[in-house]
Amino acid sequence: MRSLMLVAFALAATVVAAAEDAAPAPATVQDCLACHADPDLSVTLGSGETQSLQVDAAAYARSVHGSALNCTACHPGFEAQPHPAVDTATRATFRAAFRDACKTCHLDNDRKAHDGVHYQLLAAGDTRAPLCADCHTAHAIQSPARPRARISQTCGQCHAEVVAAYRESVHGRALLDGNPDVPACTDCHRAHDIKDPRQRAWLLETPQMCGKCHGDEKLAAKYGMSDKVLQTYLADFHGMTASLHGRKRSDGTRFTALCVDCHGVHDIKRVKDPESHVIRANLVKTCQKCHQGAGTTFPAAWLSHYEPSPKKAPLVYAVKLFYLAFIPFVIGGLVLQVGLNLWRFWVHR
């Protein structure tokens, strides 16, 4: 009996060894590049479009995946050589075939992307909406923020006019000069869960978005800015209205101004720049976007983002001091009167 078992084990080991010898070894990066390093390698899709299949070997080696992943980690089913032929109808379906490859490792970002405007467009059938590889590339993936200027270049592939305006703005010029403190596209719009900037909810978040930098004491001290920008905005008519009621009336008409309405969106200039929307020479036009018929003296009623002081708006500062004393006096007197009446009632009940 024992000898029969030994024979059976020996036969099983022989079968397994034969199967391992027959199975092809997993393709290595070098195996894949033997064909895919050819710049002329391409495939004609069902639509007649030509899709290049070339991979830049040097770019892949420098990428974040170059020393960490094998090709088949992102392209499962292509382990055997020769691998199955690519058979897709259009370039859009070719791109979509690898859409889920990234989420194998980057599941958190994939979940965020499902809440973003790009995925919503894709789900609605818009094949122009970008996938992971459109922003990060397929094989030359680098850290997206090194250098940070690369972020705007990436977004500019689809949003060319927006990025052109941004590059001429105070933020864009500083970013191209290597300043790490100014916002790139993803600082305002986020990277994966990008919101539709036309939506009311996103618009209402813009004051807090701007306040992340313009309310930072260290940044304000570094660049000689006020760190009370958000605080003063929320305290004035526009900011208070935005906080309490929202961006638009139910009939769709605008009824309060947000940061982007006065300073611009992507074309923000320094406040002293001749092209700035809020420089005194242009401020009336800016106000007239909401206040039609506003005269040249209309902006004089606005303190900008300054807090009243003996040097800046001394009359407003004096009125503020008056009410700081007058209001507690009135309320305190009212409380005293009510208290005395209650005491009198208690004593003479």
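In segment 79-106, what residues are of a type in the set (D, E) and either under 25 Å from the mean Cα position of the chain (by Cα) or surrounded by 14 or more Cβ atoms within 10 Å (Cβ to Cβ) (or both)? The answer is E79, D100. The listed residues are H291, H277, H238, and the only one of them that is within 30 Å of R190 (Cβ to Cβ) and outside any helix (DSSP H, G or I) turns out to be H277. Can you find a residue that is at pLDDT 90 or above and under 30 Å from E275 (Cβ atoms) anywhere in segment 130-148? No, segment 130-148 contains no residue that is at pLDDT 90 or above and under 30 Å from E275 (Cβ atoms). For segment 250-264, the condition holds for no residue, the condition being that it is modelled with pLDDT of 85 or more, hydrophobic (A, V, I, L, M, F, W, C) and over 31 Å from the mean Cα position of the chain (by Cα).
Whether any residue in segment 311-319 is closer than 20 Å to H238 by Cα and in contact (Cβ under 8 Å) with a residue 24 or more places away in the chain is what I want to check. Checked segment 311-319: no residue is closer than 20 Å to H238 by Cα and in contact (Cβ under 8 Å) with a residue 24 or more places away in the chain. Screening L230 against (1) outside any helix (DSSP H, G or I); (2) crowded, with 19+ Cβ neighbours inside 10 Å; (3) of a type in the set (A, V, I, L, M) leaves a single unmet condition, (1).
Answer yes or no as to whether T296 is surrounded by fewer than 10 Cβ atoms within 10 Å (Cβ to Cβ), part of a loop (DSSP other than H, G, I, E, B) and among the β-branched types (V, I, T). Taking the combined requirement at face value, the residue satisfies it. With respect to (1) surrounded by 15 or more Cβ atoms within 10 Å (Cβ to Cβ); (2) among the hydroxyl-bearing types (S, T, Y); (3) within 24 Å of G211 (Cα to Cα), the lone exception for S243 is condition (1).
The values are calculated or read from the model by the stated rules, or taken from the named source; none is laboratory data. Please read these numbers as outputs of a predicted model, since none were measured by experiment. A quick note on method: Cβ atoms are made from the backbone with ideal geometry, for glycine too, and the neighbour counts reach across all protein chains shown.
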